[in-house]
Amino acid sequence: MDRFESEIRRLDALRPEELERWIEAAKGTCRCPGCATYTECNASNRELLYCYLGKSVGCEMPAKTCDCPVCKVTDDLGLKYSFYCRNGPEKVLRE
């Protein structure tokens, strides 16, 4: 089991209110808003944390650059993919 799998098991075991607190804290360190691929549409929909919550729904997102590899959330969760905003969350990409 790698770090990501271990972290997902830990997160899956949290009570709903604990998971919500974790999500809000992770959103605070999320680099999405500074990424060149992030758009006004994403900002107005308050979309963040694609690596965990899933890809953007309803926003056009041209692939420019990706800040995922240098994001603290990537390091914290042991993620290995990128462009989650376009491709979906790590958990789905690993299936």
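The values are calculated or read from the model by the stated rules, or taken from the named source; none is laboratory data. Keep in mind that this is a model prediction, so the values were computed, not measured. Here Cβ is always computed from backbone atoms with ideal geometry, including for glycine, and neighbour counts include all displayed protein chains.
A few remarks follow.
- Of the numbered criteria (1) farther than 20 Å from SER82 by Cβ; (2) in contact (Cβ under 8 Å) with a residue 40 or more places away in the chain, the one ARG31 fails is (1).
- Residue in region 50-67 that is crowded, with 18+ Cβ neighbours inside 10 Å, modelled with pLDDT of 95 or more, aliphatic (A, V, I, L, M) and touching a Lys or Arg at 6+ places or on another chain (Cβ under 8 Å) present: no
- Within region 37-74, the set of residues being farther than 19 Å from ARG3 by Cα and in contact with a Pro (Cβ under 6 Å, 6 or more places away or on another chain) comprises GLY54 only.
- When THR39 is tested against (1) buried (at least 17 other Cβ atoms within 10 Å of the Cβ); (2) under 15 Å from the mean Cα position of the chain (by Cα), exactly one condition is not met: (2).
- Residues that are of a type in the set (Lys, Arg) and not in a helix (DSSP H, G or I) within region 36-95 comprise ARG46, LYS55, LYS64, LYS80, ARG94, listed in sequence order.
- Checklist (1) touching a residue at least 24 places away in the same chain (Cβ under 8 Å); (2) part of a loop (DSSP other than H, G, I, E, B) applied to GLU7, failing item: (2)
- Residue in region 11-23 that is farthest from the chain's Cα centre (by Cα), counting only those that are surrounded by 11 or more Cβ atoms within 10 Å (Cβ to Cβ) and part of a helix (DSSP H, G or I): GLU18
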